[in-house]
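Let me begin by presenting the structure, written as structure tokens, before commenting on it.
The values are calculated or read from the model by the stated rules, or taken from the named source; none is laboratory data. For clarity, every value in this text was computed on a predicted model and none was experimentally measured. Quick reminder, even Gly has a Cβ in these numbers, built from the backbone with ideal geometry, and neighbours come from all protein chains shown. Accessible surface is based on the protein model in full, side chains and every heavy atom, while ligands, DNA and RNA are left aside. Shrake-Rupley method; radii C 1.70, N 1.55, O 1.52, S 1.80 Å.
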Amino acid sequence: MAGLKLEHIYKEYENAKEGDYAVTDFNLDVKDREFIVFVGPSGCGKSTTLRMIAGLEDITKGKLYINDNVVNDWAPKDRDIAMVFQNYALYPHMTVFDNMAFGLKLRKYEKADIEKRVKEAAEILGLTPYLQRKPAALSGGQRQRVALGRAIVRDAPIFLMDEPLSNLDAKLRVSMRAEIAKLHRRLNTTTIYVTHDQTEAMTMADRIVVMRDGKIQQVGTPQEVYYKP
Ligand code: ADP
Ligand code: ADP
């Protein structure tokens, strides 16, 4: 179970001009298991908002709730969040198995548990035949699946994705889009997905948050946002 709430969130970067906010008065209630997509042009504050939720950027003003806790001061590792970024880097010298197991080993999971989790994730993502390969011997889509696998092995209830498909070619983007939607239904995570691609937003979102200049311009279902008469 994981609901999220952003309440009057502002971000002013330290090196920004005084009063120049990257994010201004961002308010949003994300329901448990909801798939939210942030869309908007480059520089409108999508990544900044996502990174504040993840705990990778300080919140200048406002409150972030996970379930009923204010988590502004919580370290990223205490927020129970999984993340996938655009520039996911796999460890080139490690096998697919070891790439997916890496975070679990760091967190001192038991060996048998690691094996079970990695194998389950590999099964879900169709990576079972490739567990002993190195990233260089995989296709782009397979590599992206390993990055997803690395994120889902911990079963975190919240899943954040920042343009995870933008480095893939058009055809692969379409198929990975469907896979991510399927993954979401299967894992029941509360998901926030950042993209500047309207088609991705329309096909994946329960609700779309349209941002512009650091502010929310509109929130609604794909129908409400894109199919106005
Ligand atoms: P995107 O448009 O895909 O979000 P950007 O090219 O805007 O990517 O940003 C890439 C990286 O550069 C991000 O990690 C962001 O934090 C950083 N960045 C963007 N704008 C600035 C800035 N004005 N000063 C410092 N870092 C920035
Ligand atoms: P988006 O993800 O929508 O492309 P960002 O959240 O990356 O937008 O950026 C929002 C604004 O904050 C932009 O004006 C960008 O230049 C600025 N920005 C992003 N990262 C930094 C940073 N590390 N330092 C200063 N300004 C930044």
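If I go through region 8-31 residue by residue, how many of them are open to solvent by less than 50 Å² (accessible area, probe 1.4 Å) and more than 15 Å from ligand 1 (Cβ to nearest atom)?
Counting residues in region 8-31 that are open to solvent by less than 50 Å² (accessible area, probe 1.4 Å) and more than 15 Å from ligand 1 (Cβ to nearest atom) gives 7.
Working only within region 45-87, note down all residues that are within 16 Å of ligand 1 (Cβ to nearest atom), in contact with a Pro (Cβ under 7 Å, 6 or more places away or on another chain) and not hydrophobic (A, V, I, L, M, F, W, C).
Listed by number, the residues that qualify are Gly55, Gln86.
Only one residue in Arg143, Arg186, Arg173, Arg207 is closer than 20 Å to Lys5 by Cα and over 14 Å from the mean Cα position of the chain (by Cα). Which one?
After applying the criteria, what remains is Arg207.
This table checks each residue for (1) within 21 Å of Ile158 (Cα to Cα); (2) of a type in the set (Gly, Ala, Ser).
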residue	(1), (2)
Ala2	yes, yes
Glu14	no, no
Asn27	yes, no
Arg33	yes, no
Pro41	no, no
Ser47	yes, yes
Met52	yes, no
Ile59	yes, no
Asn67	yes, no
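For Thr203, which of the numbered conditions (1) farther than 30 Å from Gly19 by Cα; (2) in contact with a Lys or Arg (Cβ under 7 Å, 6 or more places away or on another chain); (3) within 15 Å of ligand 2 (Cβ to nearest atom) fails to hold?
(3)
For region 157-172, which residues satisfy the criterion of being open to solvent by 10 Å² or more (accessible area, probe 1.4 Å) and part of a loop (DSSP other than H, G, I, E, B)?
Pro157, Glu163, Ser166, Asn167, Leu168, Asp169
Count, please, the residues in region 136-150 that happen to be open to solvent by 10 Å² or more (accessible area, probe 1.4 Å) and of a type outside the set (Lys, Arg).
Adding up the residues that qualify gives 6.
Name every residue in region 123-134 that is open to solvent by less than 90 Å² (accessible area, probe 1.4 Å), in a helix (DSSP H, G or I) and modelled with pLDDT of 95 or more, in order of residue number.
Selection gives Thr128, Tyr130.
Restricting attention to region 208-223, does a residue exist that is away from ligand 1 (no atom under 16 Å from the Cβ), closer than 20 Å to Gly126 by Cβ and open to solvent by 30 Å² or more (accessible area, probe 1.4 Å)?
no
Given (1) more than 23 Å from Gly45 (Cα to Cα); (2) open to solvent by 10 Å² or more (accessible area, probe 1.4 Å), identify the lone condition not met by Met202.
(1)
Any idea which of (1) touching a helix residue (DSSP H, G or I) at 6+ places or on another chain (Cβ under 7 Å); (2) touching a residue at least 60 places away in the same chain (Cβ under 8 Å) is the one Thr24 doesn't satisfy?
Here Thr24 clears every test but (1).
Among the listed residues Ala89, Ala181, Ala101, Ala112, identify the single one that is outside any helix (DSSP H, G or I) and of a type outside the set (S, T, N, Q).
Ala89
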